[in-house]
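**Student:** Next up is a structure, given as structure tokens.
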Amino acid sequence: MMLVDSHCHLNFPDFKDDLDGVITRARDAGVGVMQTICTDMAEFDEVRGIAEHYENIYCSVGVHPNESGVTKIITSEELISKTSYSKVIGIGETGLDYHYERSDRQSQKQSFIEHVKAARVTGLPVIVHTRDADEDTVAMLSEEMAKGAFKGLIHCFTSSKYLADKVIKLGFYISLSGIVSFKNAGAIRDAIVDVPLERLLVETDAPYLAPVPYRGKRNEPSFIIYTNKILAELKHVSEEECARVTTQNFFRLFDKAKPL
């Protein structure tokens with residue numbers, strides 16, 4: 001059984017003294033591939049360095065919405081310039097975060113559009129973070145899709161059936177994190193019941209959001225087996241089948257990545 005952690009943050013300080021151990025435990029748990037995500041251009045070289053050091057790790061390039069107003073708005077040209085590296089397979093994470101609003105909404109929207117432009121030009125998927133911003137996320141994705149097709153996913157899905165239905169119709173995928181295992185996450189589980197397994201991925205968002213039974217502890221890619229288990233139960237398939245399909249989905253979406 002091979003799993004893919006489609007979204008984690010291996011450059012974060014939480015892993016500074018334990019990265020080799022984290023990678024080993026992931027491999028032992030059956031996690032064959034990981035994507036470590038860029039949240040700020042200042043960290044891109046570090047993120048890329050990790051991906052290039054480990055054969056089974058890929059990375060993205062992008063600016064998190066909470067960072068989008070800290071410096072000047074990133075341009076699509078700047079993002080595109082980083083995609084020539086072989087290990088860069090995605091654009092983001094980007095999107096809208098109206099929960100913390102560490103960046104003003106207009107800056108978030110401008111940055112989001114630049115990421116979509118880069119995804120459209122390169123053919124790489126845009127990795128979308130959305131929190132408390134379902135309607136604006138759907139509106140922006142719909143408007144941008146009308147200008148020219150691009151592909152992507154909603155990462156760490158914590159939203160409504162409304163968002164799930166809308167983005168699936170746009171051709172997007174949805175990625176589930178350990179949150180789906182939380183007792184109070186019934187609404188999230190209900191929202192993805194009707195989403196075809198062929199449109200779902202799994203992730204950890206490590207070091208955050210450790211699934212039950214590790215909730216509250218530092219998360220790491222090896223824990224993705226628990227998210228896979230919950231998703232398998234929701235879809236009434238075996239854990240092996242769930243892992244097989246979500247892994248296929250990852251390589252279909254992030255088609256610059258190659259199975260080992």
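The values are calculated or read from the model by the stated rules, or taken from the named source; none is laboratory data. For clarity, every value in this text was computed on a predicted model and none was experimentally measured. Cβ sites come from the backbone with ideal geometry, for glycine too, and all protein chains shown count toward neighbours. Side chains are part of the model used for accessible areas, which takes the heavy atoms of the whole protein and leaves out ligands, DNA and RNA. Shrake-Rupley method; radii C 1.70, N 1.55, O 1.52, S 1.80 Å.
**Student:** Look through 44, 12 and report the one residue that is touching a Cys at 6+ places or on another chain (Cβ under 7 Å) and over 20 Å from residue 251 (Cα atoms).
**Tutor:** 44
**Student:** Something else: Can you tell me how many residues in the range 215-236 are more than 24 Å from residue 15 (Cα to Cα) and either open to solvent by less than 50 Å² (accessible area, probe 1.4 Å) or touching a His at 6+ places or on another chain (Cβ under 6 Å) (or both)?
**Tutor:** Going through the range 215-236 one residue at a time, the tally reaches 5.
**Student:** Which pairs do you get when a residue that is among the aromatic types (Phe, Trp, Tyr), found in the range 24-52, comes within reach of a residue that is open to solvent by less than 20 Å² (accessible area, probe 1.4 Å), reach meaning Cβ atoms under 7 angstrom, with the pair 6+ apart or on two chains?
**Tutor:** The qualifying pairs are 44/38; 44/61.
**Student:** Only residues that are crowded, with 22+ Cβ neighbours inside 10 Å and in contact with a helix residue (DSSP H, G or I) (Cβ under 6 Å, 6 or more places away or on another chain): list them for the range 177-191, please.
**Tutor:** Matches in the range 177-191: 178, 180, 181.
**Student:** Only one residue in 34, 2 is touching a strand residue (DSSP E or B) at 6+ places or on another chain (Cβ under 8 Å) and either open to solvent by less than 20 Å² (accessible area, probe 1.4 Å) or at pLDDT below 95 (or both). Which one?
**Tutor:** When all the criteria are applied, what remains is 34.
**Student:** Here's a follow-up. Does the range 116-145 hold any residues that are open to solvent by less than 20 Å² (accessible area, probe 1.4 Å), within 18 Å of residue 176 (Cβ to Cβ) and not aliphatic (A, V, I, L, M), and which are they?
**Tutor:** Of everything in the range 116-145, those that are open to solvent by less than 20 Å² (accessible area, probe 1.4 Å), within 18 Å of residue 176 (Cβ to Cβ) and not aliphatic (A, V, I, L, M) turn out to be 125, 130, 137.
**Student:** Report yes if some residue within the range 104-111 is closer than 25 Å to residue 166 by Cα, open to solvent by less than 10 Å² (accessible area, probe 1.4 Å) and out of contact with any Lys or Arg (no Cβ under 8 Å at 6 or more places or on another chain); otherwise report no.
**Tutor:** Within the range 104-111, one or more residues are closer than 25 Å to residue 166 by Cα, open to solvent by less than 10 Å² (accessible area, probe 1.4 Å) and out of contact with any Lys or Arg (no Cβ under 8 Å at 6 or more places or on another chain).
**Student:** Name every residue in the range 62-103 that is open to solvent by 30 Å² or more (accessible area, probe 1.4 Å) and of a type in the set (S, T, N, Q), in order of residue number.
**Tutor:** If the condition is that a residue be open to solvent by 30 Å² or more (accessible area, probe 1.4 Å) and of a type in the set (S, T, N, Q), then 71, 75, 81, 84, 86 are the ones that fit.
**Student:** Scan the range 97-116 and tell me whether some residue there is in a loop (DSSP other than H, G, I, E, B) and of a type in the set (A, V, I, L, M, F, W, C).
**Tutor:** For the range 97-116, residues in a loop (DSSP other than H, G, I, E, B) and of a type in the set (A, V, I, L, M, F, W, C): absent.
**Student:** When you check residue 252 against the structure, is it free of Cβ contacts under 8 Å to residues at least 12 places away in the same chain, part of a helix (DSSP H, G or I) and not aliphatic (A, V, I, L, M), yes or no?
**Tutor:** For residue 252, the condition - free of Cβ contacts under 8 Å to residues at least 12 places away in the same chain, part of a helix (DSSP H, G or I) and not aliphatic (A, V, I, L, M) - is met.
**Student:** Out of the range 44-94, which residues are more than 13 Å from residue 122 (Cβ to Cβ) and among the aromatic types (Phe, Trp, Tyr)?
**Tutor:** Those that are more than 13 Å from residue 122 (Cβ to Cβ) and among the aromatic types (Phe, Trp, Tyr): 44, 54, 58.
**Student:** Can you tell me which residue among 151, 147, 109 is at pLDDT 95 or above, of a type in the set (Lys, Arg) and out of contact with any strand residue (DSSP E or B) (no Cβ under 9 Å at 6 or more places or on another chain)?
**Tutor:** 147
**Student:** Restricting attention to strands (runs of 3 or more DSSP E) lying wholly within the range 1-77, give those where 3 or more residues are within 18 Å of residue 115 (Cα to Cα), touching a Ser or Thr at 6+ places or on another chain (Cβ under 7 Å) and aliphatic (A, V, I, L, M).
**Tutor:** By residue number, no strands (runs of 3 or more DSSP E) qualify.
**Student:** Moving on to the next point. On the basis of being among the acidic types (Asp, Glu), modelled with pLDDT of 95 or more and either within 19 Å of residue 216 (Cα to Cα) or surrounded by 18 or more Cβ atoms within 10 Å (Cβ to Cβ) (or both), does residue 203 make the cut?
**Tutor:** The answer is yes for residue 203.
**Student:** Also, quick follow-up: Could you check, for the range 146-169, whether at least one of its residues is in a loop (DSSP other than H, G, I, E, B), surrounded by fewer than 18 Cβ atoms within 10 Å (Cβ to Cβ) and in contact with a Ser or Thr (Cβ under 9 Å, 6 or more places away or on another chain)?
**Tutor:** No, there is no match, as no residue in the range 146-169 is in a loop (DSSP other than H, G, I, E, B), surrounded by fewer than 18 Cβ atoms within 10 Å (Cβ to Cβ) and in contact with a Ser or Thr (Cβ under 9 Å, 6 or more places away or on another chain).
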